[in-house]
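Enquirer: Could you have a look at this structure, given as structure tokens, before my questions?
Please treat every number below as a calculation from the coordinates, not as lab data. Just so we're clear, the structure is a prediction, and the values are computed from it rather than from any experiment. Ideal geometry is used to build each Cβ from the backbone, glycine not excepted, and the neighbour counts take in all protein chains shown.
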Amino acid sequence: MTGLEGLNLSAELHTMFRRIQADHLALREAWQHAPRTEPRIRLLHAIRIMLIERIWLLACRIPFFMPRGGFNHEMMMQHILCLDIPTVLKEMKHIFPTGTGPSELDFHEPRGPREEGIYVREHRDIFTPMSEMFELLREISVALMHDIGAFG
Amino acid sequence: MGNALRLSDALESGAITFEDVTHLVRTLRDQAFLSRSRRLHRYVGGAALDTAQEKLRHVADQLCANLPEPSFAAYRELVCATRFAAVFTAHPTFALANPVYEALAQSASHDVPPETAPFFKTHRRSVHPTLEEEFTLAVQAITRARDAIDQLNSALLSTAKNTWPEEWSTLCPGPVIATSWVGYDTDGRTDIGWWDTLRLRLRMKLFQLMRLERQIAHEGVLAPELSETLQKAIDCVKAQISAVPNGATDGQAVARFAELMVNGRTTALTAASDLNTLLQSAIEAAPPSAQLPLAVARAGFMAHGLGLAHTHVRLNASQIHNFVRQKLNLLDDPTNPAQRRALLNRVNDALDGVTPVPVDFGALLSDPSSAGRLMMTIAQIVKYVDSDTPVRFLIAETETGYTLLSALWIAAYFGVADRIEISPLFETEHALVKGEHIVEEALRSPAWRDYVRRMGRICFQFGYSDSGRYIGQLAASYQIERLRLHIHDLLVRWDLTDVEVVFFDTHGESIGRGAHPFRMADRLDYLSPAHVRKRFASSNIHCREETAFQGGDGYLLFGSPELATATMATIAENLFLSDQQNSDPIYDHPDFSADFFSSVIDNMKGWSLIPVTLPCSAHSARHLSTAQARARQHARVRKPQPAVALPTPASCGQSPTTPFSSSLAGAPTRCKVLVPPPSATQKRLKHSIPPAPASTARWILHAMLWPVRTTRCSRALCACSTPDSGWTGRRKRHPPSGKRLFWPL
């Protein structure tokens with residue numbers, strides 16, 4: 001069992017959902033006109049869910065790699081599903097290095113190919129967008145924090 | 001979810017780009033920013049400087065007009081006692097970048113809210129704040145708070161000057177003070193060493209001395225002796241700060257620092273009262289226009305001692321236990337009720353025979369225990385930084401009176417028992433529900449009672465934010481009120497009505513952590529309801545309220561001069577002009593309140609509500625157990641273990657009083673009775689709810705039920721109670737029509 005099922009969160013998620021729903025119903029019973037979630041907050045949540053889905057889709061495009069220091073592909077997916085993106089990107093930087101830039105020095109032999117950009121495509125198409133999406137995800141948290149006053 | 005899928009499809013098809021989404025998020029974020037700044041503006045009652053100053057003048061005039069007897073002595077008694085402390089705390093909750101906090105405060109300070117938000121690529125802080133950054137932000141907020149306190153003192157002095165022109169110049173008001181634990185709170189933090197605490201405490205001293213020097217220079221008053229004393233003290237403290245070691249590894253550096261501290265003790269001043277005579281002479285010699293500002297400067301200086309703010313240190317109860325276990329060879333577990341009495345007796349005996357040991361920086365350098373280091377740090381602060389102002393010693397997770405007696409023994413061991421205010425922090429379920437037993441365990445000790453009488457003060461801290469984790473925010477607020485009333489009864493019983501009681505309410509800045517969401521005035525009312533205040537007033541017990549302003553978001557209430565003055569005006573109104581409300585549904589219907597909040601606690605702990613038909617008298621606590629037993633029989637579940645109750649003291653000769661003892665008689669009605677689920681179900685429930693999601697769910701529960709507690713259950717209790725029960729709510733404080741009453745999820 002891998003992926004989301006491997007995290008075994010489904011039962012707990014449903015328990016939490018039912019708990020919230022029960023509380024919500026109790027509140028509505030006591031207070032019929034309790035305010036409802038405003039459209040802009042629903043929109044922010046929708047964007048957040050969309051971004052999480054995009055991040056997970058991008059994760060599916062990360063090529064298989066040999067385990068490095070105990071960090072393997074399965075572990076990476078678990079981290080991504082838990083949205084621990086900074087940890088994954090830090091590991092990816094080492095596993096798919098972008099090189100240190102082509103050297104122009106004279107090495108006293110005929111010049112060979114400078115393959116410093118061998119993983120440029122992975123960084124351009126996967127890791128950089130994933131990082132940007134995660135930053136935007138966090139920015140949404142700040143926006144929600146401003147809006148609902150959930151801080152501290 | 002449908003919207004999310006449509007957005008995803010649009011992004012996939014290229015109908016929108018990632019840049020479009022980014023722009024949309026920033027737009028929504030900025031709208032939320034403006035909304036928050038408007039909310040902040042309203043929260044403090046409008047951040048107009050003139051209005052706030054007018055409110056302060058009104059408070060002073062009303063105070064003078066409503067004196068019990070129209071005399072200067074009566075006015076002095078009213079305004080010179082400390083009644084409120086704003087405590088600046090610094091948990092790692094600085095979510096926003098500093099420029100965003102500043103922009104938020106500026107936007108909230110405008111009379112007319114701005115239409116557009118300043119552009120920031122991100123509102124997030126790039127890295128976690130360092131201790132130095134936390135301290136800097138706290139000092140900025142405290143400085144603005146001090147300026148606002150000065151304005152309150154100015155109004156009080158101005159009224160006194162107009163009313164008693166001959167006597168006013170001796171008045172030194174200080175009803176409100178600022179306090180800080182930034183750099184001193186070591187509960188759960190390992191990044192603060194004793195050298196950090198000393199360095200930051202010395203810097204607070206420096207800021208205080210420089211503030212006084214600046215205020216005197218600003219008035220252009222010629223007071224050569226005072227100026228020279230101040231200047232020498234400032235130079236000496238600067239040298240001391242520069243010599244503070246950066247760690248405990250360099251013994252030579254610590255020795256050099258010790259030399260400067262010991263030799264510079266007199267020059268650096270050790271008590272604010274050292275300058276009292278010089279300040280009084282300066283006021284009397286000053287031209288009339290400068291007398292009032294100088295008196296204001298003196299008032300702020302005297303009220304805060306040799307620090308920009310008072311000092312709170314904090315430690316965990318287990319650290320206290322560990323130290324005493326080693327020193328007194330007390331190996332029993334204080335959390336085990338079977339061993340507690342023996343432990344209490346032994347620590348009491350130890351308190352009788354404790355001999356103070358000398359403390360020097362060498363001892364501080366070598367002590368490996370947290371409690372020993374902190375207590376020795378306090379000893380050094382008392383000796384060389386400020387001898388007059390007591391240091392509050394907060395003990396987190398206090399669950400037994402043994403902890404308080406142990407802390408007293410450590411203080412006596414290091415010779416600072418008369419300089420620290422030991423304060424339990426009630427935050428766990430046990431502490432909140434059985435808190436009075438903790439207080440009573442300590443009060444049974446003659447040594448503790450002597451200590452309280454010597455200090456003239458007994459201090460308590462209530463943790464709103466963390467107590468939410470244990471029994472929920474709603475029930476915690478009720479339990480805290482209940483505990484306060486029990487403390488009142490205990491003080492009366494032990495004949496301690498002549499001591500001052502300090503209630504420090506620690507909370508975060510959101511509703512889930514105990515801060516009222518609508519108005520500052522409501523926040524203060526919520527923390528300290530009129531009923532409890534009146535109970536203490538009826539016994540002539542003086543109370544001091546303290547409340548937290550948590551690092552980052554809480555500092556916004558002092559984020560600009562306008563906001564700080566408006567906040568101070570609200571505090572002053574709450575202290576001196578609070579409404580004379582006679583009815584409070586919580587206490588008008590005490591049995592129902594007790595049942596309601598007990599239900600909330602039990603619901604938070606995974607119990608279930610089973611509707612059964614019972615007589616109405618089952619609402620009373622006395623009959624509830626019978627009702628529960630009947631319901632349990634009905635549900636065929638196992639009876640839970642009864643809670644262990646401590647006996648009453650033999651010496652007092654009377655049973656404990658409870659404010660919730662009356663019962664209601666009436667026709668049978670239908671109500672809900674708590675029934676514990678079978679143990680297997682309980683276990684399954686516990687295991688099925690993971691910590692993080694459960695806390696999220698509970699936060700949401702708090703959020704949903706907040707209006708209930710806000711209006712003192714007026715709505716929800718009406719709905720839960722009989723329809724014609726006539727509950728009207730204690731004080732309806734709904735936001736203006738059309739405004740948000742509840743934060744949407």
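Enquirer: I want to check the label-to-label distance for residue B:453 and residue B:140. Put each point 7 Å from Cα in the C-beta direction and report it in nm to one decimal.
Expert: 4.9
Enquirer: Taking other Cβ within 10 Å of each residue's Cβ, how do B:7, B:365 sort, fewest first?
Expert: So the residues, fewest neighbours to most, are B:365, B:7.
Enquirer: What list do you get for B:197, B:355, B:277 if you sort them by fewest beta carbons within 10 Å?
Expert: B:355, B:277, B:197
Enquirer: Sticking with this one: Calculate, for residue B:253 and residue A:135, the FRET efficiency according to 1/(1 + (r/R0)^6) with r their C-beta to C-beta distance and R0 41 Å; round to the nearest 0.05.
Expert: That pair, residue B:253 with residue A:135, gives E of 0.45.
Enquirer: Under a 5 Å amide H to amide H cut-off, with H placed in plane at 1.01 Å, what residues pair with residue B:542 once short-range neighbours are removed?
Expert: So residue B:542 has HN proximity to B:501.
Enquirer: Now for a separate question. How many nm separate the modelled label positions at residue A:103 and residue B:497, each set 7 Å beyond the Cα in the direction of the Cβ?
Expert: 8.8
Enquirer: Over 22 Å between Cα atoms: which of B:434/B:605; B:232/B:383; A:93/B:121; B:238/B:383; B:327/B:434; B:205/B:383 fall into that group?
Expert: Table pairs above 22 Å Cα-Cα are A:93/B:121; B:327/B:434.
Enquirer: May I pose another question? Could you work out how much longer the chain between residue B:1 and residue B:583 gets when fully extended? Use 0.36 nm per residue separation minus the Cα distance between them, nm to one decimal.
Expert: 204.8 nm
Enquirer: What whole-number distance in Å separates the alpha-carbon centres of the stretch A:9-48 and the stretch B:266-326?
Expert: 51
Enquirer: Follow-up. Please check which bits of the stretch B:506-539 a label hung off residue B:81 would reach, taking the label as a point 7 Å along Cα-to-C-beta and the cut-off as backbone N under 19 Å.
Expert: Answer for this model: B:528-539.
Enquirer: Quick one: what Rg and Dmax do you get for the stretch B:307-444 from the alpha carbons, in Å?
Expert: Final numbers for Rg and Dmax: 14.7, 46 Å.
Enquirer: Cα centroids of the stretch B:547-577 and the stretch B:503-539: how far apart, whole angstrom?
Expert: The distance from the Cα centre of the stretch B:547-577 to that of the stretch B:503-539 comes to 14 Å.
Enquirer: Which whole number gives the average, over all residues in A:9-16, of C-beta atoms from other chains lying within 10 Å of the residue C-beta?
Expert: 4
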